[in-house]
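In what follows, a structure is listed as structure tokens, so that the remarks can point back to it.
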Amino acid sequence: LAGCALMIRYPIKVLLVEDNPDQVLLTERAFKRQNGDMQVIAVKDGQACVDRLARERFSAVIVDYRLPEMDGTDVIRKIRQTGAQLPVIMVTGQGDEQVAVMAMKSGASDYIVKTQGYFKQLPAVIEKAIQTSELQLKLKDSEEKYRRLAENANDLIFTLDASGAFNFLTLRVNQLLGYSAEELVGRN
């Protein structure tokens, strides 16, 4: 995908999961100031987030760590369980390493500590996360297209890993060599 330009579709619609009305207001103001093409829609808890994602399409989600009923990592897990392929950024006033690791393991795209002025970072972090997510989706799509093309080719096509072991073989391998792909994958 060299030379592939990624274009973010505007307006960017961000779902903010935050129970503190002051934080919501400050986030909305920061987004308006930094990028007028970003729309922030706020919900107060994790279940409202999951429900809203089921009804509407969003570009990204910002999740506070401390929420009523479930914490931000639980919300991220629920989002990922729905199969949603969008960036999720966790924000928290509790900036310890353990929370950051839990957030990333839950499926967060990024993690930001609520320090003074962190609102100014959010729009740029959201744009970067959206670009990264779009690139990952394009790469996955390209890989799937390559795999389908290779699998349906009438030729013997295979790839080897760095150690020389087979890691991909077409169905034609069985017809020409008498071995199934399962018998050869992982072997030199």
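The values are calculated or read from the model by the stated rules, or taken from the named source; none is laboratory data. Model, not experiment: these values are computed from the prediction. Methodologically, a virtual Cβ is constructed for each residue, glycine included, from the backbone with ideal geometry; neighbour enumeration extends over all protein chains shown. With ligands, DNA and RNA removed, areas are computed over all heavy atoms of the protein, side chains included. Shrake-Rupley method; radii C 1.70, N 1.55, O 1.52, S 1.80 Å.
These residues, THR27, THR82, go from largest to smallest accessible area, 1.4 Å probe, as THR82, THR27. Positive contributions from Lys and Arg (+1) and negative ones from Asp and Glu (-1), summed over other residues with Cβ under 14 Å from the Cβ of LEU171, come out at -1.
Across the options LEU135, ASN152, ALA181, the greatest Cα extent toward the positive end of the charge dipole of the stretch 65-188 (unit charges at beta carbon of Lys, Arg, Asp, Glu) belongs to LEU135. Taking 1.306 mPa s as the viscosity and 10 °C as the temperature, the Stokes-Einstein diffusion coefficient of the stretch 44-188 based on its alpha-carbon Kirkwood radius rounds to 87 µm²/s. Note on the chain: with neighbouring protein chains present and a 1.4 Å probe, carbon and sulfur make up 49 percent of its accessible heavy-atom surface. Ranked by the mean number of other Cβ atoms within 10 Å of their residues, highest first, the peptides 128-136, 113-121 fall in the order 128-136, 113-121.
If you take all other residues with their beta carbon under 14 Å from the beta carbon of PHE119, and give Lys and Arg +1 and Asp and Glu -1, the sum is +1. Cross-link pairs exceeding 30 Å in C-alpha to C-alpha distance, out of LYS13/LYS138; LYS114/LYS145; LYS44/LYS120, comprise LYS114/LYS145. For the chain, the solvent-accessible area works out to 61 Å² per residue, with a probe of 1.4 Å and every protein chain left in place. When the scattering of the stretch 91-139 is computed by the Debye formula from its Cα atoms alone, each counted once and equally, what is log10 I(q)/I(0) at q = 0.16, 0.18 Å⁻¹? Cα-only, vacuum Debye calculation for the stretch 91-139: -0.52, -0.64. Taken over the C-alpha atoms, the stretch 26-108 has Rg and Dmax values of 12.7, 34 angstrom.
Cβ neighbours within 10 Å, averaged per peptide: list 55-61, 150-156, 163-169 in order, most packed at the top.
Per-residue mean Cβ counts within 10 Å order the peptides as 55-61, 163-169, 150-156.
Just add up the charged neighbours of GLY46: K/R +1, D/E -1, any other residue whose Cβ is under 15 Å from the Cβ of GLY46. That sum, taken over residues with Cβ under 15 Å, equals -2.
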